[in-house]
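Reading through the structure tokens given below for one structure.
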Amino acid sequence: MLNTEQCADRTMVMLKVTLGAAAEAAARLHLAPPLLRSRGEVESYWYGPDCWILASDDQAANDLVEICNDALDDVLHSAVDCTSALTIFRLSGSDARDVLASGTGIDLRSNKFKADSCYRTRLAGVTAFIVANGEDKFELMIDRSYAGYLKEWLSDTQSIVKIAAAS
Amino acid sequence: MSGVQEFRLEKGGRIDRSCVIHFSFNGRRYSGFHGDTLASALLANGVRVVNRSFKFHRPRGIFSAGVEEPNGLMGVDVGNGMVPISRATLVPIVEGLKAETQGCFPSVKFDVARVLDYTRRLWPAGFYNKTFTWPKWHTYEWAIRAMAGLGIAPNDGDKARYRHANLHCDVLVVGSGMAGLKAAITAARNGDDVVLVEQDVELGGSLLFDSEPVDKKAALNFLLDSIAELQSLPNVNFMLRSTVAGYYDHNVLTIHDRSVAGHHDGPVETFWKVRAAKVVLATGAIEQPLMFGNNDLPGIMQASAMLHYANRYSVRCGKIVVGAVNNDRAWRTLLALHDAGVAVNSIVDNRIDVDANLIAEARSKGIEVFEGATLVRGVGDRRIRGIQIRHSYGKKRRLACDALAVSGGLNPTVHLYSQAGGKLKFNSEKQCFVPVECRQHVSVCGAANGEFADQTNYRIAKRDCSPAATGSQWVDYLHDVTVSDLELAVRENFISVEHLKRYTTTGMAVDQGKTSNLNALSILGKLTDRDPEDVGTTTFRPQFMPVTMGAIAGNRRGEFYSPPRLLAAHDWHVEQVAEFDDYGSWKRPAYYGSDRQRSIDKEVLRVRESVGIFDGSALGKFEVKGPDAAKFLSMMYVNTVHTLRPGKVRYGLMLTESGVVLDDGVFIRLAEDHFLINTTSAAAERIGAWIEEWRQCELPHMEVIVTPVTSQWSVVTVAGPKSRDVLQAIPGMRDLATAEFPHMSFFEGQLADGTQYRVQRVSFSGELSYELSIPSDRAIEFFRLVAAIGEQFGIAPVGIEAILVLRTEKGFLHVGVDTDGMTNPMDVGFGSIAANKKSDFIGARSLQRLQDRSSARRQLIGFEVEGNHELEAGAHFVTNNGGGRRSEGFVTTAYRSPTMGKLIGLGLLERGFDRMGEEVSLFDQGHITPARVVNACFYDPGGERMRA
Amino acid sequence: MLQIQCPFCGSRDEADFSYGGESHVIRPSPNVTDAEWADYLYNRRNPKGVHNERWCHLSGCGQWFNMARDTVTHEVIAVYKMGESAPNISAQPANKQRRDA
């Protein structure tokens, strides 16, 4: 079983700093440690050692940018709205892991890819950001131009996984 | 015939006699039982000739019971279409299965092409290569092509589904015989994540037929106990009907999984990519054939395969069985076969030191023993009827039989180990290659490691051919290679094992020489007086077993083959009846409407005369920020950066370090330390990576951050004399009057509804033009809005093809179309900009080289053609050079311009800048077209229209 | 298929990475001779054995880093960050692998 849900009402901001300033920025803004997503009023996803995605369900992108600008007024940084750039899918169900494993080489075993883990990697031939939301629950972030393709790929792959699982 | 299985033993076997299964072979109906393979069912029905050989069309029968099968290859249809070259030994029969021999005519029993066999002296190894040189390859090409190839590719659609999947585990155990089971249990008890892979339909390997006890337990009891323990452990996964196909670097293996076979929605094949911390190879060993005259006759079979058929499938492979072996282990196999109810009449062994206990045991069972006797040849035509042997004292004798069990000893199945980079060593006691060491985390155990018998010594004679004519002794069954072919190759000095392989094609067939390589090496060693160790083996390569093309493709086919990127406003373009095409990774509107040429011309004229709306969203966009931003970009671009004022736009050209034009686009100064840069659409990702590489690797001291914003912003490009009127009507739009907002300006603000927008006044068409950027979530809304506002001004959508015509009329550069891998900025008219730049930039030093400054280079010029000529990009500028033509360059772009009313184009022409007005000849597809060289800008050379 | 240890993300599939050629190639000043410039542009070590090269975790964290890899065995001997100098790898003989074995 797989549920795929496209999640539209989430604002996102990409925050980039220089590598040298990353630790300082992370401390000031309580940003997620490497390969993890941090929960809170403003969630942050570790996107790279000098980059995070800040996300919120109720704040406007400009507010998130302001938060960054205020906290990092003396640190070189770039905070830009990327709400339109990324599409979020939420996957859940017993087939979710198998469907993802059809497209990505990362180790999805639940003792390795634990809840709140987030990896950017290749998925089904495109670059995607995969987040573990919990047992059999995942979040995918993907460039909006590939969203249509990925949605079809997920559905096609699931139809094959279903046959394999039933046999 | 259906119902009578003449060669089925009365009882025993792992078949379900209550479940009768009907199938057909070459149109004839047969029956077998659940648990049978196609091979065992055919043997049970007394079918001996199952195929014709590849080259000489000799009759062939089942030789083995496993992956090594060189003869029993056929087309098999289990309801999903005919799959060619299926191994009968591996296909479980299902109701309605259809099998057919492919590549014979009119039938497998009588094949006219066997005339090649009777004349086979004419077709030795390499005959094919020799036809290339004498007298003329084309004389035979048609005939050779018609005969070549195995199997027949199906034409109809494939009902199977295919999937790729990834798997991680601590220990991957390949093979589930005794050694594999033990390894899996050890690892599982240790708490490791274990995956146990077996290519057969059930676990057990040789335990399923070999009755030798294991750890003092009966083989089957050991198997059942092991399975029970493994099943009780949560950390063990089983994969059946799954073949490990390849072993790659860093313990990555691929598995072809055919376990999902019987689903009503069609079968699913999965191609797994496994990453294992450790791999255990327990792949067993393969019994090798003996070399003697006519050793390919149907009815000649591995001794172990006969035991396999008897014990597992309850099939006797003959009524008068003779054994011919060269090792002690095979004696035990034959004795077990005898005990299983398949009476063995006699055993022939060329050694004189066979274990006396074995001889005594055989004699006690009434088996006649021929010690020290050489098997000379098999007798028979379409199947074996007897053998001729020669005693050590010279006397010849003929023994009648209808089945001959042969054993030339075991050879470890080291293919995967070798693929992993493992080294092999020849063990002369066992006369086979065994694993030595490997750089990867892999261990080999059981027969695959040369551990053939744990109770007694394994003794074997050296491999050699018999005294029969070498032209009748087969080395490679599947590719029809004989000992005499090897002799010929050696005579022609193909003595390296790799040369021998390619010249004779030994071991190059789809079985990869599983039953031929070792014999070939032994013969080569003997002919060149070398030990097999010195001869070496050829390289083993993936795939271990053939893998279906579908499994390799997975579901990445059709639309999934190359993932298409769609514009945020894709649905709006669909509404506008856009015809889409692929541009880089994007699917973008080429033009709107149904008639390509008419639509493009109309769109061009609309931009020239009133206004068009174009989706420029795919344009690459990056924000560059930091105190060193200007300095950084100055390195990236040929053009000067620091003189640009905030709010202004400048055209920029990027080069590779070799000075070759890489990309172009505009850059905009948003603030003193903040820029927005545009790249060409197709190159956006590549240029993004290029910039990051320079930032991180070459210029790490610069304080600068680059953020990609390509997908965040969609770009509504409005072009044409009326474009200002349209955009100005958007509520909240800033004053666009030229005085306030001239050409090459930029502005960022908020519209009346609060929408954040960016607008830059730039032009790729040569007309007044604006690029309006809005967040992509609002793209459709804005295309609708602008189209609605523009209606009164005659606005209509414009596709990429029209834009490309417009830019050609204007002579604007299209990097990658008008430039190639040698074009530098001087060649495209940017020489003075490059020369005037004071500071260093990528590629600058290369432009100082003599060759880069040469005036003889190909330079980008325009040309025009009078009349109704047709011409395409790729046509060459030619001059007469003695008797022939010489190319002076080529056409990069050519269009029939609706604006200019004639054929125009751009091209790279030697010394082009000095040749304005010259009449030149264009060579295109056999025709010469006259053309005139002109300045590369055809339309509004002063640029008044875009600055208006 | 290599498994590459990104210094920031850990072990990932080769498919996530892009290759950037030999590392520690110094870009000369523009004042050098044509021959010196050509050497910088075109000549690379291409050793049989340990090779210091740069890779980018392109479809991952986006960072460039250095890697010492044995070109014969594909063994990844070390990964180290951009700007760090090459680790002193005792000249271990390139694992002599017989191509015909």
Self-check item: Peptides B:382-389, B:44-51 ordered by average Cβ neighbours within 10 Å, highest first
Solution: B:44-51, B:382-389
Quiz prompt | Shape parameters for the range B:372-513, alpha-carbon atoms, Rg then Dmax in Å | solution = 18.0, 54
Quiz item: How would you classify chain C from its alpha-carbon gyration tensor, with a ≥ b ≥ c the square roots of the eigenvalues: rounded for a/c under 1.5, else prolate if a/b is greater than b/c, otherwise oblate?
Solution: oblate
Exercise. Would you please name the chymotrypsin sites (Phe, Trp or Tyr not before Pro) within the range B:7-110 that are DSSP coil residues with at most 13 other C-beta atoms within 10 Å of their C-beta?
Key: B:Phe110
Quiz item: Applying 1/(1 + (r/R0)^6) with R0 = 60 Å to the Cβ-Cβ distance of B:Glu781 and B:Glu6, what FRET efficiency is obtained, to the nearest 0.05?
Solution: 0.15
Exercise. Return, for the Cα atoms of the range B:512-561, the radius of gyration and Dmax in Å, separated by a comma.
Key: 18.4, 58
Quiz item: Hey, if you drop one equal point scatterer on each alpha-carbon of chain B and run the Debye formula without solvent, what base-10 log of I(q)/I(0) do you get at q = 0.04, 0.07 Å⁻¹?
Solution: -0.32, -0.78
Self-check item: In range of the label at B:Lys462: residues from the range B:516-555 whose backbone nitrogen is under 18 Å from the point 7 Å along Cα→Cβ
Solution: B:518-536
Quiz prompt | B:Glu559 versus B:Ile495: modelled label distance in nm, points set 7 Å from Cα along the beta carbon direction | solution = 6.3
Quiz item: At q = 0.14, 0.16, 0.20 Å⁻¹, what log₁₀ I(q)/I(0) does a Debye calculation on the Cα points of the range B:43-184 give, no solvent, two decimals?
Solution: -0.87, -1.01, -1.25
Self-check item: Binned Cα-Cα distance frequencies in the range B:659-751 - 10 Å width, integer %
Solution: 11, 37, 31, 16, 4
Quiz item: What number in nm² do you get for the range B:567-702 if you take the convex hull of its Cα atoms and divide its surface by four?
Solution: 10.2
Quiz prompt | Between the range A:83-129 and the range A:1-77, the Cα center-to-center distance that results, in Å | solution = 19
Practice problem: Just tell me which lysines come within less than 17 Å, Cα to Cα, of C:Lys48; anything on the same chain fewer than 8 places away is out. | Solution: C:Lys96
Quiz prompt | Rounded FRET efficiency, nearest 0.05, which uses the C-beta distance separating B:Asp820 from B:Cys937 and R0 of 30 Å | solution = 0.90
Quiz item: Where does each of B:153-163, B:589-599 land if you order them by average Cβ count within 10 Å, highest first?
Solution: B:589-599, B:153-163
Quiz item: Quick one: Debye curve from the C-alpha atoms of the range B:646-711, no solvent, what's log10 I(q)/I(0) at q = 0.12, 0.18, 0.23, 0.26 Å⁻¹?
Solution: -0.32, -0.75, -1.21, -1.39
Exercise. Describe numerically, in nm with one decimal, the distance between label points set 7 Å from Cα along Cα→Cβ at B:Asp339 and at B:Glu368.
Key: 2.5
Quiz item: Under 18 Å from the Cα of B:Lys11, which aspartates and glutamates turn up, not counting those fewer than eight places away in the same chain?
Solution: B:Asp36, B:Asp210, B:Asp339
Quiz prompt | Over 24 Å (Cα to Cα) - which of B:Lys319/B:Lys430; A:Lys16/B:Lys621; B:Lys423/B:Lys501; B:Lys55/B:Lys130; A:Lys112/B:Lys273; B:Lys625/B:Lys810 fall in this group | solution = B:Lys319/B:Lys430; B:Lys625/B:Lys810
Exercise. Sketch the reach of a paramagnetic label on A:Gln6 as a point 7 Å from Cα along Cα-to-Cβ, and name the residues of the range B:522-565 whose backbone nitrogen lies under 18 Å away.
Key: B:560, B:563-565
Quiz item: Quick one: Cα convex hull volume of the protein assembly as shown, Å³ per residue?
Solution: 209
Quiz prompt | For the range B:735-777, the Rg and Dmax computed from alpha carbons only, in angstrom | solution = 11.1, 32
Quiz item: What are the ³J(HN,Hα) values, in whole Hz, obtained from phi via the Karplus relation 6.51 cos²θ - 1.76 cosθ + 1.60 with θ = phi - 60°, for each residue of the range A:157-163 in sequence order, with x given for Gly and Pro?
Solution: 5, 5, 5, 6, 4, 4, 5
Quiz prompt | Theoretical gain in end-to-end length, B:Met549 to B:Ala689 [0.36 nm per residue, Cα-Cα removed] | solution = 47.1 nm
Exercise. Sequence neighbours fewer than 8 away in the same chain don't count; with that in mind, list the lysines whose C-alpha is under 17 Å from B:Lys216.
Key: B:Lys182
Quiz item: Roughly speaking, what is the stretch gain from B:Gln851 to B:Asp582, that is 0.36 nm per residue apart minus the C-alpha to C-alpha distance, in nm to one decimal?
Solution: 93.2 nm
Quiz prompt | Taking chain B and dividing mean pair separation by its residue count, relative contact order in percent (alpha carbons under 8 Å, at least six apart) | solution = 8
Quiz item: Amide H to amide H, which residues 5 or more places from B:Lys902 or on other chains are under 5 Å from it, using H placed in the peptide plane?
Solution: B:Ser897
Quiz prompt | For a label point 7 Å along the Cα-to-beta-carbon line of B:Val115, residues of the range B:133-160 with backbone N under 17 Å | solution = B:140-148
Quiz prompt | J(HN,Hα) series, the range B:893-898, from Karplus relation 6.51 cos²θ - 1.76 cosθ + 1.60, nearest Hz, glycine and proline x | solution = 8, 8, 9, 8, 6, x
Quiz item: Once the Cβ-Cβ distance between B:Asp529 and B:Ile144 is put in as r, and R0 is 35 Å, what FRET efficiency do you end up with, to the nearest 0.05?
Solution: 0.50
Practice problem: May I ask you to compute the full-extension gain from B:Lys838 to B:Thr656, defined as 0.36 nm times their residue separation minus their alpha-carbon distance, rounded to one decimal in nm? | Solution: 63.7 nm
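No value in this document is a laboratory result; all are computed from the given coordinates. Quantities reported herein were computed from a predicted structural model and do not represent experimental measurements. Glycine also receives a Cβ, built like all others from the backbone with ideal geometry; neighbour counts cover every protein chain displayed.
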